Amino acid sequence: MITKLMTTILFVIILSKLYAAIPVMLIFGIALKTILKNAPSYEKGAAINKWFAVVSEIFVFLMVFRFDISWMLIKGILLLCVFAYTSYSDIKTREAANALSVMVFLIGFINVSGTQMFFNIIAAAIVFAFVVMCAIVSGGQLGGADIKFIPAAFFILGASRGMTGLIIGLASAVIGTLIRNKVTKIVDPEKKNTLPLIPYLSAGFALTFLI
C-alpha cells in the first residue's frame, strides 16, 4: 500500500514537471534554432544541429525539474544558449568571440547574493591565473577562447562546482579525443592532438550547474 502510494506520488510529480517543461522546451527549441542559424559555418540539415538540439533540450528538462519556473531556470537557459553558440563556433572554426565569455560572465550576476559574488570573483581570478600558466607551460595548447571561457564559468559556479565541471569537461575531452582518433583513424599528429575543448567544458559546467 505504501509502495503504491509513493509510486503514485512520484508519477504525479514527474507528470507535473513534464507539463511545466513542455512550453519551456518549445520556446527554448525555437531560440536555439535561431541562435545556431547565426553561428559561424552553420550548415542547414547537418547532423550536428540535431545533436545540439537533443542534448540541449535534455538539459532544459533537467533544469525545469531541478529549479521549477524561477530565476535560476532563466539563468540556466541563458547559459545553455551561450554555451551552445560558443560550442558550435569552436567545433566549426576552432574560435569563439570574446563577447561570448563576457556574456557568460554577465549571466553570473543573475540571482546571486553579494557574498557569493565576492567568492565567485576570487574563484574566477585564481583559475584565470592558473589557466594562463597552463597555457604558457603547454606552449599554447590552450586557446585564447578557453582561457577566457573557463574563468567566466567559474564566476557563475564558484570554486567547488567550477572545479567539478572543469574536471568533468577535461576528462570527457580526453575520452572523446581517444574515441575520435580510434574511429576516424587520424594520422596527422597535429590534427590528432587538437580538439575543440569548449563543447566538453560546456557539458561539464552545465552538469554541475544542476547540482
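The values are calculated or read from the model by the stated rules, or taken from the named source; none is laboratory data. The structure presented is a predicted model; accordingly, all values stated were derived computationally and were not measured. Positions of Cβ are backbone-derived with ideal geometry, glycine not excepted, and every protein chain shown enters the neighbour counts. These area figures cover heavy atoms from the full protein model, side chains too; ligands, DNA and RNA do not enter into them. Shrake-Rupley method; radii C 1.70, N 1.55, O 1.52, S 1.80 Å.
Structure notes:
- Scan of region 49-82 for residues that are exposed (fewer than 15 other Cβ atoms within 10 Å of the Cβ) and either hydrophobic (A, V, I, L, M, F, W, C) or assigned to a helix (DSSP H, G or I) (or both), ordered by number: Lys50, Trp51, Val54, Ile58, Ile69, Trp71
- Region 98-110, subset surrounded by fewer than 14 Cβ atoms within 10 Å (Cβ to Cβ) and either of a type in the set (Gly, Ala, Ser) or closer than 13 Å to Gly76 by Cα (or both), residue modelled with the highest pLDDT: Phe109
- 1 or more residues open to solvent by less than 50 Å² (accessible area, probe 1.4 Å) and either more than 18 Å from Asp90 (Cβ to Cβ) or at pLDDT below 90 (or both): qualifying helices (runs of 4 or more DSSP H) within region 118-210: 144-184, 198-209
- Check on Leu78, modelled with pLDDT of 90 or more, at negative phi, over 13 Å from the mean Cα position of the chain (by Cα) and of a type in the set (A, V, I, L, M): no
Here's the yes/no breakdown for (1) touching a Phe, Trp or Tyr at 6+ places or on another chain (Cβ under 9 Å); (2) touching a residue at least 60 places away in the same chain (Cβ under 8 Å):
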position: Ser70; (1), (2): no, no
position: Leu78; (1), (2): no, no
position: Phe83; (1), (2): yes, yes
position: Ala96; (1), (2): yes, yes
position: Val102; (1), (2): no, no
position: Leu106; (1), (2): no, no
position: Gly114; (1), (2): no, no
position: Met117; (1), (2): yes, no
position: Val132; (1), (2): no, no
